[in-house]
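Asker: What follows is a single structure, and I will ask about it in a moment.
Bear in mind these aren't lab numbers, they're just calculated from the coordinates by the rules spelled out. From a predicted model like this one, the values you see are computed outputs, not experimental measurements. A quick note on method: Cβ atoms are made from the backbone with ideal geometry, for glycine too, and the neighbour counts reach across all protein chains shown.
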Amino acid sequence: MLTLAFDTATEMCTVALGRGDDVLAAVDVHSPRAHLRRLFPLAEQVLALSGRAQAEIEAIAVGIGPGSLTGVRIGVTAARTLAQALGVPCIGLPTLDVVAHAFSRTGATVCVVVDASRKEVYAAMYECSGSAPNRLTEIRAMAPGALADLLADRGEEKILIAGDGLVSYREALIEPLGARAQVASRLAWYPRAGHLVTLAALQSSAVASGFEHVRPIYTRLSDAEEAEKAPR
């Protein structure tokens, strides 16, 4: 299926068009707090670069977080709206899975860490020895120090760490691991929609494709929601 894919859960606004491993066009723009303004123009740019028309799109794929709560909402809302308007399937996949897919077939044990603000990261572990990453743990929000302790308890295996959580917490994450820690290239810290195209093709049969079933992964409430629930 010709799939338009995008992810806005991190500071990277990434959009791609393709079928399976054949990515026809992709644009990745570092645009913190500008996803709402940039997403649709980037989608139009990707269509123009590929020489395809919107009417040819056969599926929408979106990164559903966790990450920036506002960014996740923008991406999921846009995906559901486009899928409904075009009458095509909508496939939602965790943003951390998309980051991990960059390391498929490397044989590495990968920990993806995405900045969760509030001095926390979203994290999950993956085995990357096949065509798609195999998630070994639930996606959780935790303090970088707590995550580092969990990683240090995993015996002697080397662990490749990737994700924008490294921007703020690199030392806290790798110091307890010592020589067991491997840090991915900074180019691989962010989700790429080209990987999302491929991952969606591999997993589309196992993922609910009705737009109404695609929902964000938050793992926790926003600041405003927590304030509203707090006792007064």
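Asker: Does anyone have the angle between helix 69-86 and the longest principal axis of the chain? Alpha-carbon axes, 0 to 90°, nearest 10?
Answerer: 30 degrees
Asker: Under 10 Å, Cα contacts only: if you run a Gaussian network model on the chain, which one of Ala172, Ala193, Ala141 comes out with the highest mean-square fluctuation?
Answerer: Ala172
Asker: Which distance in Å, rounded to a whole number, links the C-alpha centroids of region 86-160 and region 1-17?
Answerer: 18 Å
Asker: Also, quick follow-up: Calculate one ³J(HN,Hα) per residue across region 18-24 by plugging θ = phi - 60° into the Karplus curve 6.51 cos²θ - 1.76 cosθ + 1.60, and present them in order as whole Hz with x for glycine and proline.
Answerer: Along region 18-24, the couplings run x, 10, x, 7, 8, 8, 7 Hz.
Asker: If each DSSP helix of 4+ residues adds -39,500 (n - 2.57) and the sum is divided by the residues in the chain, what number results at 222 nm, nearest 500 deg cm²/dmol? Walk me through the intermediate numbers first.
Answerer: Numbers: 7 runs with 78 residues, N = 232.
Per the formula, -10000 deg cm²/dmol.
Asker: Sorting His35, His30 on the 10 Å Cβ count, fewest up front, what's the list? Working shown, then result.
Answerer: Values: His35 26, His30 11.
The fewest-first ordering by Cβ neighbours comes to His30, His35.
Asker: Right, something else. With a 10 Å Cβ neighbour count serving as the proxy for reagent exposure, in which order, fewest first, do Cys111, Cys90 appear? Provide the component values of the computation, followed by the final result.
Answerer: Details: Cys111 30, Cys90 25.
Least crowded to most crowded, the residues run Cys90, Cys111.
Asker: I'd like the antiparallel share, as a percent to the nearest 5, of DSSP beta bridges with both residues in region 1-138. Please report the intermediate quantities before stating the final value.
Answerer: On the way: 23 of 31 bridges.
If we restrict to bridges inside region 1-138, about 75 percent are antiparallel.
Asker: Now for a different question. Let me make sure I get this right: for region 1-134, a, b and c are the square roots of the gyration tensor eigenvalues over alpha carbons, sorted descending. Under 1.5 in a/c it's rounded, otherwise prolate if a/b > b/c, else oblate. Which is it? Walk me through the numbers before you get to the answer.
Answerer: On the way: a/c = 1.94, a/b = 1.29, b/c = 1.50.
Taking the square roots of the gyration eigenvalues as a ≥ b ≥ c, region 1-134 is oblate.
Asker: Over region 99-188, one equal point on each Cα, no solvent: what is log10 I(q)/I(0) by the Debye formula at q = 0.16, 0.24 Å⁻¹?
Answerer: -0.55, -1.28
Asker: Provide the packing ranking of 127-134, 75-82, i.e. peptides ordered by the mean count of other C-beta atoms within 10 Å per residue, highest first.
Answerer: 75-82, 127-134
Asker: To the nearest 10 degrees, how steep is helix 35-50 against the longest Cα principal axis of the chain, on a 0 to 90 scale?
Answerer: 60 degrees
Asker: Same structure, new question: For each of Arg180, Arg37, count neighbouring Cβ atoms within 10 Å of the residue's Cβ, then give the residues from fewest to most. Working shown, then result.
Answerer: On the way: Arg180 16, Arg37 12.
Fewest to most other Cβ atoms nearby, the residues stand as Arg37, Arg180.
Asker: If we sort 154-162, 97-105 on the protection proxy, mean other Cβ atoms within 10 Å, highest first, what's the order? Walk me through the numbers before you get to the answer.
Answerer: On the way: 154-162: 15.1, 97-105: 23.8.
Highest-to-lowest ranking by the protection proxy: 97-105, 154-162.
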